[in-house]
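The values are calculated or read from the model by the stated rules, or taken from the named source; none is laboratory data. Just so we're clear, the structure is a prediction, and the values are computed from it rather than from any experiment. Cβ coordinates were reconstructed from backbone atoms using ideal geometry, including for glycine residues, and neighbour counts include every protein chain displayed. To get the accessible areas, we keep the full protein, side chains included, count just its heavy atoms, and leave off ligands, DNA and RNA. Shrake-Rupley method; radii C 1.70, N 1.55, O 1.52, S 1.80 Å.
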Amino acid sequence: MTNRRSFITGMAGLAAATAIPNVFAQAAAATGSTEPTLARVQRTKTLRIGAVRGAAPYYNKDLASGEWGGFMIDFARSLAASLNVKLEINETTWGNSVLDLQTHKIDLFFGMNPTPARREVIGFSEPLFLNAFTVVSKKEFKTWADLNKPEVKIAVDIGSSHDQMITRVCPNATIVRLEKADDATLALQTGRVDAQVLVWLLALNILKKNPSLGKMTVPQPLEATSTNIGVPKEEDKAWVETINKWIAAERAAGKIKPTVLGNLQKLSGVKPEDVPPQIPL
């Protein structure tokens with residue numbers, strides 16, 4: 001299991017990463033890949049995904065056995081089984097995952113937010129699930145309006161989805177922007193700020209390791225970002241349509257929530273009852 005610093009720093013990298021279209025376009029051109037992704041998967045009978053070491057409960061690589069786990073790995077295994085192909089796991093980073101898709105090194109990457117910059121260079125599935133924004137604090141903030149005051153100091157990792165959301169929703173608050181999410185947590189711990197904004201998976205993880213930070217609340221109205229599957233950008237839409245059908249089937253079968261919550265408990269020690277009922281999955 002990863003430590004809190006590597007997990008939050010890695011996930012902050014996911015939230016903050018931006019793509020440079022010209023660089024990725026040059027890299028893609030260098031590959032000369034023209035075969036549609038679905039055709040390649042069917043021909044090779046192999047589904048190639050990217051996975052990030054030390055990002056439990058999303059991804060987790062056992063140091064002793066080398067075996068991968070985490071709810072994104074479970075989702076990938078389910079998709080591979082539905083396609084009757086074997087799963088190939090390629091280690092990558094949150095920052096490199098876009099380039100890996102752009103250069104056709106992998107066929108998909110679970111756990112991406114479809115920012116406008118990323119949509120310029122890769123494709124996206126329909127949302128796999130919604131990742132609600134929450135507040136970690138000692139004081140309970142029931143609404144975003146309760147936070148939207150100059151005297152309330154809110155810590156975020158600069159340029160992240162946390163930063164973008166709170167800037168839009170709470171323009172009157174005093175927003176303290178720090179380099180990493182870990183730095184924002186330290187600011188909360190030392191009393192420099194009143195609250196930290198995090199998506200709920202991150203919030204529950206840091207509170208499990210450091211309950212003295214306070215508690216997690218889900219201010220209303222609900223604010224959330226989507227967690228999607230990144231795919232290579234191509235004219236042939238068969239691959240993304242296949243993935244969307246699989247997502248619809250998983251959701252209809254009620255598999256999304258138990259897969260996420262089961263891994264959250266197994267890898268992070270967060271019990272299903274610890275998740276507020278207003279969190280969408």
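Only residues that are surrounded by 23 or more Cβ atoms within 10 Å (Cβ to Cβ) and either in contact with a Gly (Cβ under 7 Å, 6 or more places away or on another chain) or farther than 27 Å from Ala195 by Cβ (or both) were counted in segment 107-124, giving 7.
Within this structure, Thr143 passes the test of being farther than 30 Å from Leu83 by Cβ, hydroxyl-bearing (Ser, Thr, Tyr) and surrounded by fewer than 22 Cβ atoms within 10 Å (Cβ to Cβ).
Do you know which of the residues in segment 188-206 that are more than 20 Å from Trp144 (Cβ to Cβ) and touching a residue at least 12 places away in the same chain (Cβ under 8 Å) is farthest from the chain's Cα centre (by Cα)? Residue satisfying both the conditions and the ranking: Arg192. Being farther than 28 Å from Val270 by Cα, out of contact with any Ser or Thr (no Cβ under 6 Å at 6 or more places or on another chain) and at pLDDT below 95 is a property that holds for Thr34. The residues of segment 232-244 that are over 15 Å from Leu128 (Cβ atoms) and either open to solvent by 20 Å² or more (accessible area, probe 1.4 Å) or of a type in the set (Gly, Ala, Ser) (or both), listed by number, are Lys233, Glu234, Glu235, Asp236, Lys237, Ala238, Glu241.
Summed over segment 217-231, the residues that are open to solvent by 20 Å² or more (accessible area, probe 1.4 Å) and either under 25 Å from Trp94 (Cα atoms) or in a loop (DSSP other than H, G, I, E, B) (or both) give a count of 6. The residues of segment 69-103 that are surrounded by fewer than 17 Cβ atoms within 10 Å (Cβ to Cβ), of a type in the set (Gly, Ala, Ser) and within 18 Å of the chain's Cα centre (by Cα) amount to a single one, Gly95. When Val199 is tested against (1) closer than 16 Å to Pro280 by Cβ; (2) open to solvent by 30 Å² or more (accessible area, probe 1.4 Å); (3) in contact with a helix residue (DSSP H, G or I) (Cβ under 9 Å, 6 or more places away or on another chain), exactly one condition is not met: (2).
Scanning segment 168-183 for residues that are more than 15 Å from Glu223 (Cβ to Cβ), open to solvent by 30 Å² or more (accessible area, probe 1.4 Å) and in contact (Cβ under 8 Å) with a residue 24 or more places away in the chain turns up Asn172, Thr174, Lys180, Asp183.
Tell me yes or no: at least one residue of segment 245-266 is among the acidic types (Asp, Glu) and open to solvent by 70 Å² or more (accessible area, probe 1.4 Å).
no
Just to be sure, is Leu130 under 18 Å from Pro221 (Cα atoms) and in contact (Cβ under 8 Å) with a residue 24 or more places away in the chain?
Criteria met by Leu130.
Within segment 221-236, residues that are on the phi > 0 side of the Ramachandran plot have Cβ atoms under 9 Å from residues that are modelled with pLDDT under 95 and assigned to a strand (DSSP E or B) in no pair, counting only partners at least 6 apart in sequence or on another chain.
Within the bounds of segment 8-28, is there any residue that is at pLDDT 50 or above, over 18 Å from the mean Cα position of the chain (by Cα) and not in a loop (DSSP other than H, G, I, E, B)? Checked segment 8-28: no residue is at pLDDT 50 or above, over 18 Å from the mean Cα position of the chain (by Cα) and not in a loop (DSSP other than H, G, I, E, B).
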